[in-house]
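The values are calculated or read from the model by the stated rules, or taken from the named source; none is laboratory data. Just so it is clear, the structure is predicted and the values come from calculations on it, not from any experiment. So basically every Cβ, Gly included, is an ideal-geometry build from the backbone, and we count neighbours across all protein chains shown. Each accessible area value is taken on the protein alone, full model and side chains, heavy atoms only, with ligands, DNA and RNA left out. Shrake-Rupley method; radii C 1.70, N 1.55, O 1.52, S 1.80 Å.
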Amino acid sequence: MISVKQSLSAFAVSNLTRPKSHSLPPQSSVLPPTSFAARTSISSLKPLYQTPVERSSVQTQDGLFSPSKSRAVSVKTRAYEADQSEGIILPDAEAAAQRLKIGIYFATWWALNVVFNIYNKKVLNVFPYPWLTSTLSLAAGSLIMLVSWATRIAEAPKTDPNFWKALAPVAVAHTIGHVAATVSMSKVAVSFTHIIKSGEPAFSVLVSRFLLGERFPVPVYLSLLPIIGGCALTAVTELNFNMTGFMGAMISNLAFVFRNIFSKKGMKGKSVSGMNYYACLSMLSLLILTPFAIAVEGPQMWAAGWEKAVSQIGPNFIWWVAAQSVFYHLYNQVSYMSLDEISPLTFSIGNTMKRITVIVASIIIFHTPVQPINALGAAIAIFGTFLYSQAKQ
């Protein structure tokens, strides 16, 4: 409408400034249909500029221009769209800033995860009580978030009974997956646990197919072959294979698949997400895990194990416990914050790269012996995970 009004007003000005001998008939004051359609195609979202154009012709009713003997200058307005480069932030700059932000998230996520795995393994080597270790990780995260809400560093989420009801099955699955992974790392090398956990996509497809009836494209099923084959090759060639450690990683995969399924079903339309969502998940998981940790291990075993660990390591053991607890929460918190900014596919690829980072770092730091065939199995499994991410796109 703006462009139409400007065209009509400019046309009126042109008639006033034109000599009477060349004035148009009354019916020519209305724009021809063709000119009207052309003018209304101009975007109203961008500013319009008017430029005087000198001409010596008279517009006829059919929209054409015929020569005029008069040299009088009439004014015709031309509306054109403003150049996007003037005073507007370029899309390329915004995209670059977004990529930088995601890159920082990923780098922080991977670094925090590596630090957690290192301190977690150090603690479990001298204090083999994975149920208490898992409980302390959830307790540290819950305490950090409660303090953040109380001091208004972070805004507290607005929840209701329906939110906690929907979160309950997610918390149960998260608790099982967390404890099972910690049990696995207490029995085998960190690298072996993460290689087996890279098989999580296979569990996801199988559970979704046979329990939920969901169907996938053929490339998705084909991508499972290198995942399963690579994990099997790694397990068979693992020098320090332990069945408890292997089963712990497998159970963790299955539990996290159900956690993701429950999250999709129960959290649709909920306003709590990202950092606060994971905080609520940690608190509910802590309530679920604590009585089971006491029943399985118990305070007497913890006291004896703690005294032995302090006598071997010294006060640094307390720092190790604190570090593994805090860094567990931080890396999960950053991962959930990343998920708010990226697509699930990008998150899946980032998770795969994270496992590579953890595997390589743990092998270097703990001097884990790796046979060439074992490394080949790990590479095949991780490559299969990457293919799965692409096939799911």
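Sort segment 208-316 into rounded, prolate or oblate with this rule: let a ≥ b ≥ c be the square roots of the eigenvalues of the Cα gyration tensor; rounded if a/c is under 1.5, and if a/c is not under 1.5, prolate when a/b is larger than b/c, oblate otherwise. It is oblate, given that a/c is not under 1.5 and a/b is not larger than b/c.
List the relative contact order of segment 162-262 as a percent without decimals, with contacts defined as Cα pairs under 8 Å and 6+ residues apart.
Values: 102 pairs, mean separation 55.3, N = 101.
The value is 55 percent.
Across q = 0.15, 0.20, 0.26, 0.30 Å⁻¹, segment 290-343 modelled as identical point scatterers on its alpha-carbon atoms has Debye log10 I(q)/I(0) values of -0.64, -0.84, -0.99, -1.04, in the order of the q list. Considering only Cα-Cα distances, which of the following residue pairs are longer than 31 Å: LYS101/LYS158; LYS122/LYS197; LYS122/LYS158; LYS101/LYS392; LYS308/LYS354? Long pairs (Cα-Cα over 31 Å): LYS122/LYS158; LYS308/LYS354. Cα extents for segment 194-234 along the principal axes, largest to smallest and rounded to whole angstrom: 30, 18, 11. Kirkwood-type hydrodynamic radius, segment 162-234: 14.3 Å, calculated from all non-identical alpha-carbon pairs. The alpha carbon gyration tensor of segment 298-393 gives principal lengths a ≥ b ≥ c with a/c of 1.5 or higher and a/b no greater than b/c, which makes the shape oblate. The gain in end-to-end length when the VAL296 to LEU206 segment is fully stretched comes to 29.3 nm, 0.36 nm per residue minus the alpha carbon separation.
Quick one: pull the percent of accessible area on segment 135-287 belonging to carbon and sulfur, 1.4 Å probe, ligands and nucleic acids left out. The partial results should precede the final answer.
Values: 4750 of 7040 Å².
Reported share for carbon and sulfur atoms: 67 percent.
Out of segment 123-210, which trypsin sites (Lys or Arg not before Pro) are coil in DSSP terms and have no more than 14 other C-beta atoms within 10 Å? Don't skip to the end; give the middle numbers.
On the way: sites: ARG152, LYS158, LYS165, LYS187, LYS197, ARG209; in loops: ARG152, LYS158.
Here the sparse-neighbourhood loop sites are ARG152, LYS158.
Here is the list for segment 213-265: trypsin sites (Lys or Arg not before Pro) lying in DSSP coil, each with at most 12 other C-beta atoms within 10 angstrom of its C-beta, are ARG215.
Any number yet on Rg/Rh for segment 133-175, C-alpha, Kirkwood? Spell out each step's value before the answer.
Numbers: Rg = 12.3 Å, Rh = 11.9 Å.
My calculation of the ratio gives 1.03.
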